[in-house]
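The values are calculated or read from the model by the stated rules, or taken from the named source; none is laboratory data. Everything numeric here is computed off the predicted structure, so don't read it as measured data. Glycine also receives a Cβ, built like all others from the backbone with ideal geometry; neighbour counts cover every protein chain displayed. Side chains are part of the model used for accessible areas, which takes the heavy atoms of the whole protein and leaves out ligands, DNA and RNA. Shrake-Rupley method; radii C 1.70, N 1.55, O 1.52, S 1.80 Å.
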Amino acid sequence: MLIAFSITPLGAGDSVGDLVAEAVRVVRESGLPNRTDAMFTTVEGEWDEVMAVVKRAVDVVAAQAPRVSVVLKADVRPGVTDALTAKVARVEDRLAGRDGDAPGGRAATRQ
């Protein structure tokens, strides 16, 4: 499964970059495949292990902020591995014209 999530410390002052970095550090130290971008951190693994990483990341932030907001999106597909990179690669292939699907067709909305 893939879980994309963001953690926002609330009530911890104007600059929360250090707290967010601590949450990302928890994810990276988990050993699970992950990627961080400007909006979310995405983690790949089994349900229990991924949710445990999200909980640890929230706990690290909650230890230093009086309130924590969490946004989470999950793609649950049993038996699928390497979805973190494979989904993006399929879109890039389509953009490069390496797939028979027409641009803007159903394949453009389904990864």
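Among the residues of the range 34-68, those identified as in contact with a Gly (Cβ under 7 Å, 6 or more places away or on another chain) and open to solvent by 50 Å² or more (accessible area, probe 1.4 Å) are 66, 67. Looking at 57, 38, 4, 65, just one residue is of a type in the set (A, V, I, L, M, F, W, C) and without any contact (Cβ under 8 Å) to a residue 24 or more places away in the chain, and that residue is 38.
Regarding residue 56, is this residue closer than 22 Å to residue 12 by Cα, over 11 Å from the mean Cα position of the chain (by Cα) and part of a helix (DSSP H, G or I)? Yes.
When the residues of the range 8-33 are filtered to those that are assigned to a loop (DSSP other than H, G, I, E, B) and at pLDDT below 95, the one that is most open to solvent (accessible area, probe 1.4 Å) is 14.
Here is the figure for the range 78-98: residues that are hydroxyl-bearing (Ser, Thr, Tyr) and open to solvent by 90 Å² or more (accessible area, probe 1.4 Å) total 1. Pairing each residue of the range 78-92 that is free of Cβ contacts under 8 Å to residues at least 60 places away in the same chain and over 14 Å from residue 33 (Cα atoms) with any residue that is among the charged types (D, E, K, R) and open to solvent by less than 80 Å² (accessible area, probe 1.4 Å), provided the two are 6+ apart or on different chains, yields C-beta distances under 9 Å for 90/99. For residue 90, the test of being modelled with pLDDT of 95 or more, assigned to a helix (DSSP H, G or I) and out of contact with any Ser or Thr (no Cβ under 9 Å at 6 or more places or on another chain) is failed.
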